[in-house]
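Reviewing the structure listed below.
The values are calculated or read from the model by the stated rules, or taken from the named source; none is laboratory data. Fair warning: this is a prediction, and the values are worked out from it, not measured in the lab. Reconstructed Cβ throughout: ideal geometry from the backbone, glycine too, with neighbour counts over all protein chains shown.
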Amino acid sequence: MNRRWPWLGVIVGLGLIVTAGVGPTIGVGDTPQVGRVPAVQAAAGTGPTVRAAPRSGTRPPTAMAGQAPQRLMLPSLRVDAPITPVATLPGGGLAVPANPEVLGWWQGGARPGTGQGTVVIDGHVDTAADGPGALFHLRELRPGDPVVLSTDHGPQRYLIAALRSYLKADLPAEVFARRGQPRLVIITCGGAFNEKTRQYADNIVAYALPA
């Protein structure tokens with residue numbers, strides 16, 4: 001059975017659009033459902049658990065040994081964006097850097113170079129104050145497009161395998177798997193924009209495999 005983690009799907013979505021609000025002015029359009037999503041091949045129950053953001057003086061969730069991401073490069077989109085570690089928020093949501101040109105790496109998940117698990121990168125599609133973000137054109141990626149994740153031990157290279165759009169409440173738990181085959185997922189917002197709530201309806205997810 002394909003299990004869901006509504007708390008993470010919903011809150012990731014909310015986090016990604018808290019300061020969004022450009023909406024119809026620059027519209028993100030429809031997201032094609034292309035490619036085959038790489039299977040997680042992980043045992044049940046290995047997805048993320050609800051964690052509160054670390055309090056002052058405490059350490060954040062410990063990730064598996066490996067390399068810390070520093071920059072994300074999407075050559076086909078001319079994206080070269082810095083990455084900062086992010087943790088979960090009270091209630092279990094995933095934090096997102098306030099600056100739309102900076103991306104977040106979920107430090108409670110996998111690290112590049114471990115040979116297992118999903119490296120999770122998130123970011124704003126846009127914000128009302130700053131306009132389009134680094135992931136504004138994420139929906140334009142296609143299978144075979146290259147991805148370079150710069151780390152503190154050198155580059156890790158990937159190829160886009162699939163692109164999907166999910167309603168925020170339906171974001172699959174497998175997106176955040178910390179076990180299974182090594183993958184990279186990049187998450188932002190998309191779909192219809194609600195003028196009243198200032199929120200996008202969907203999360204756009206790009207899946208990539210090591211090259």
* Structure fact -> Taking the range 176-211 and keeping residues among the hydroxyl-bearing types (Ser, Thr, Tyr), within 14 Å of the chain's Cα centre (by Cα) and over 18 Å from Pro112 (Cβ atoms) leaves Thr188
* **Filter result for Val148 (under 20 Å from Leu77 (Cβ atoms), in contact with a Ser or Thr (Cβ under 7 Å, 6 or more places away or on another chain) and of a type in the set (A, V, I, L, M))** => no
* Residue list for the range 179-200, filter: part of a strand (DSSP E or B) and crowded, with 18+ Cβ neighbours inside 10 Å -> Arg183, Leu184, Val185, Ile186, Ile187, Thr188, Cys189, Gly190, Gly191, Phe193, Gln199, Tyr200
* To do: Quick one: count up the residues across the range 86-122 that are closer than 15 Å to Leu149 by Cα, small (Gly, Ala, Ser) and under 12 Å from the mean Cα position of the chain (by Cα).
  => 1
* Structure fact -> Taking the range 104-123 and keeping residues touching a residue at least 60 places away in the same chain (Cβ under 8 Å), within 14 Å of Pro69 (Cα to Cα) and not small (Gly, Ala, Ser) leaves Trp106, Pro112, Thr114, Thr118, Val119, Val120, Ile121, Asp122
* **Enumeration of residues in the range 201-211 that are without any contact (Cβ under 8 Å) to a residue 60 or more places away in the chain and either touching an Asp or Glu at 6+ places or on another chain (Cβ under 8 Å) or surrounded by 23 or more Cβ atoms within 10 Å (Cβ to Cβ) (or both)** => Val205
* Asked: What are the residues in the range 125-151 that are surrounded by 18 or more Cβ atoms within 10 Å (Cβ to Cβ) and in contact with a helix residue (DSSP H, G or I) (Cβ under 6 Å, 6 or more places away or on another chain), if any?
  -> His137, Asp145
* Asked: Is one or more of the residues making up the range 145-164 part of a loop (DSSP other than H, G, I, E, B) and at pLDDT 95 or above?
  -> yes
* To do: Within the range 94-108, track down each residue that is surrounded by 22 or more Cβ atoms within 10 Å (Cβ to Cβ) and among the small types (Gly, Ala, Ser).
  => Gly104
* Output for the range 124-153, where each listed residue is without any contact (Cβ under 8 Å) to a residue 40 or more places away in the chain and not acidic (Asp, Glu) -> Gly144
* How many residues does the range 152-175 hold that are more than 15 Å from Val37 (Cβ to Cβ) and either surrounded by 19 or more Cβ atoms within 10 Å (Cβ to Cβ) or within 14 Å of the chain's Cα centre (by Cα) (or both)? -> 2
